[in-house]
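The values are calculated or read from the model by the stated rules, or taken from the named source; none is laboratory data. This structure is a prediction, so every number in the text was calculated from the model and none was measured. Cβ placement follows ideal geometry from the backbone for every residue including glycine, while neighbour counts extend to all protein chains displayed.
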Amino acid sequence: MAGNKSYTIVEYFGGDDGYRCGYCKNEKGNFSHGMWSHTMTVQDYQDLIDRGWRRSGKYVYKPIMNKTCCPQYTIRCHAVKFQPSKSHKKILKKMSKFISKGELPTGQDDGEPMDSVCEEAGPREPSKVSHAEVKCPVVTDIQKEVAECPAITEVQKEVADALPTGSEMPRKDPVSVPDGRTTATPPKPGMGADPSRPPCRKAKDLRKERRIQKEQMRQHADGVSSIVSPTPSTPTQTNQPKNLEDFINESLPDNSSHCLEFRRFLCDSPLEAEYSPDGPEVGYGSFHQQYWLDGRIVAVGVIDILPTCVSSVYLYYHPEFASMSLGSYSALREIAFTRHLQKQSPKLSYYYLGFYIHSCPKMRYKGQYRPSDLLCPETYVWVPIERCLPQLENSRYARFNQDPDAGDARALKDVGRALVLYRRAVMPYAAYSRKRKSSSDETEVQQYAGLVGQDCAERILLYRA
């Protein structure tokens, strides 16, 4: 492989065997095609998820929609057009109340089960391909562990500041914290007045200042920073309903009970980190988003930043905060983050929530993030969810594209042009099949290429032992 071009390298597995379904618990009802991704470009993964694939770690799988017990439809939200629903506003206000007053709700969350992980999709152990055999200057060692990943470095301060936290207020005494953010530390009880703080001011003046700050936040609701210096200005008339950023940036009292922060790190993933002049400042790739409450991590979300979307991978959180609806709260934060990135890269305008599973009532909550689309499992075009739901009420599996003559625009046309990696060399499948005259894997390669589509088949390297 000449030059420094990045390649996606995968090993493909069939999908003939059934696995246990994590949704309906059917022991043999879950069917999916899968492949192990040793390395992957963000554009290839973007194209794959737009054909119904999804990654869990380095395992990438595609449910066999007309065969599996609980069909999983790829869902995306139009982040720029998103408006929080009543339930979303309730969740944001609940978090705001907790941060400001320290009131932790009782009971469980609103039913936000996390997506099934790779073992429910039925991963298989890949062949042990050595780094030496791959012989690609851009391929990372496929045997490395997360702890060895050199990409686990903190993104610069402006990235961490991309999403203002609800606990950040205009302060006169900013104190540095390890990740470069600022927060305020009130005087310790019994220590008297804090000499570093300005004298107390009248409540009337404080209310006026905060009102001006709110108006400025609405004018600059691009998520860059929630710390706005008060300046003399005439508040604008705002009869518009609050948008997502308004709720997230809502002012909190100076003596808030808790401090919620966010830190973003690159993390181990098959996706190669990439940067583009017309892309977001943080670049593309996989990121950990850490949720810090009063100095300790309470939740971690994993997202993939891709050419046209932010894709949510999964979230795990401390069970102590199960009543805070952190699944929905993190999704709302990620939508706001997508909107921020879209201002830097206009084509990056969607938020992918993974799979929508209508046959599993607990997974229908993803359909509440509107406007949203579902991916047609046959033609791979996006269809507004409102048009899909009536069909899903009648049948678990449905073709959403109403045009009977429409087909897959990227359907496989020539398997001979699919690329394979064989004995350290890249070659079209046609050349490989001539070298391996006794080759009996044409059926498998044909199936793989049909699932990824002609474009991906001509870019992705399919490993052949």
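Below, the figures for the structure above:
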| item | result |
| --- | --- |
| Selected residue [under 23 Å from Ser96 (Cα atoms) and free of Cβ contacts under 8 Å to residues at least 12 places away in the same chain] from Pro346, Pro277, Pro319, Pro361 | Pro319 |
| Filter pass, Pro307 being in contact with a strand residue (DSSP E or B) (Cβ under 8 Å, 6 or more places away or on another chain), surrounded by fewer than 21 Cβ atoms within 10 Å (Cβ to Cβ) and not in a strand (DSSP E or B) | yes |
| Residue in region 321-335 that is among the aliphatic types (A, V, I, L, M), out of contact with any Cys (no Cβ under 6 Å at 6 or more places or on another chain) and in a strand (DSSP E or B) present | no |
| Region 440-465, residues that are in contact with an Asp or Glu (Cβ under 9 Å, 6 or more places away or on another chain), among the aliphatic types (A, V, I, L, M), surrounded by 15 or more Cβ atoms within 10 Å (Cβ to Cβ) and not in a helix (DSSP H, G or I) | Ile460, Leu462 |
| Single residue of region 251-273 satisfying the filter (among the charged types (D, E, K, R) and buried (at least 16 other Cβ atoms within 10 Å of the Cβ)) that is farthest from the chain's Cα centre (by Cα) | Glu261 |
| Counted residues, region 364-406 - those being free of Cβ contacts under 8 Å to residues at least 24 places away in the same chain and closer than 24 Å to Arg55 by Cβ | 2 |
| Failed criterion for Thr41 (all others in (1) farther than 20 Å from Cys309 by Cα; (2) buried (at least 19 other Cβ atoms within 10 Å of the Cβ); (3) not charged (D, E, K, R) hold) | (1) |
| Residue list for region 385-417, filter: farther than 25 Å from Ser372 by Cβ, in a loop (DSSP other than H, G, I, E, B) and aliphatic (A, V, I, L, M) | Ala411, Leu412 |
| Residues located in region 46-87, provided they are in contact (Cβ under 8 Å) with a residue 24 or more places away in the chain, over 30 Å from Gln447 (Cβ atoms) and surrounded by fewer than 22 Cβ atoms within 10 Å (Cβ to Cβ) | His78, Val80, Lys81, Phe82, Gln83, Ser85, Ser87 |
| Extreme residue, farthest from Tyr380 (Cα to Cα), among residues of region 407-453 that are in contact (Cβ under 8 Å) with a residue 12 or more places away in the chain and either of a type in the set (S, T, N, Q) or touching a Cys at 6+ places or on another chain (Cβ under 7 Å) (or both) | Ser433 |
| Region 336-384, residues that are among the charged types (D, E, K, R) and part of a helix (DSSP H, G or I) | Arg339, Lys343, Lys362, Arg364, Lys366 |
| Qualifying residues in region 275-300 (those that are assigned to a strand (DSSP E or B) and surrounded by fewer than 16 Cβ atoms within 10 Å (Cβ to Cβ)) - the one nearest to the chain's Cα centre (by Cα) | Ile297 |
| Qualifying residue in region 350-357 (condition: crowded, with 23+ Cβ neighbours inside 10 Å, under 17 Å from Asn243 (Cβ atoms) and within 18 Å of the chain's Cα centre (by Cα)) | yes |
| Residues being of a type in the set (A, V, I, L, M) and under 20 Å from Phe82 (Cα atoms) - total across region 314-346 | 6 |
| Number of the exception - Lys28 against (1) surrounded by fewer than 17 Cβ atoms within 10 Å (Cβ to Cβ); (2) in contact (Cβ under 8 Å) with a residue 40 or more places away in the chain | (2) |
| Tally, over region 39-90, of residues that are closer than 18 Å to Val313 by Cβ and out of contact with any His (no Cβ under 6 Å at 6 or more places or on another chain) | 31 |
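Residue-wise test of (1) aliphatic (A, V, I, L, M); (2) at pLDDT below 95; (3) touching a helix residue (DSSP H, G or I) at 6+ places or on another chain (Cβ under 6 Å).
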| residue | (1), (2), (3) |
| --- | --- |
| Glu320 | no, yes, no |
| Ser325 | no, yes, yes |
| Arg339 | no, no, yes |
| Leu348 | yes, no, yes |
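Residues are listed down the side, and each one gets a yes or a no for (1) in contact with a helix residue (DSSP H, G or I) (Cβ under 8 Å, 6 or more places away or on another chain); (2) among the small types (Gly, Ala, Ser):
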position	(1), (2)
Ser6	no, yes
Tyr19	yes, no
Phe31	no, no
Phe98	yes, no
Pro105	yes, no
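Condition check ((1) modelled with pLDDT of 95 or more; (2) buried (at least 16 other Cβ atoms within 10 Å of the Cβ)) across all residues:
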site: Thr379; (1), (2): yes, yes
site: Pro384; (1), (2): yes, no
site: Cys388; (1), (2): yes, yes
site: Leu392; (1), (2): yes, yes
site: Phe400; (1), (2): yes, yes
site: Asp405; (1), (2): yes, no
site: Asp414; (1), (2): yes, no
site: Lys435; (1), (2): no, no
site: Ser438; (1), (2): no, no
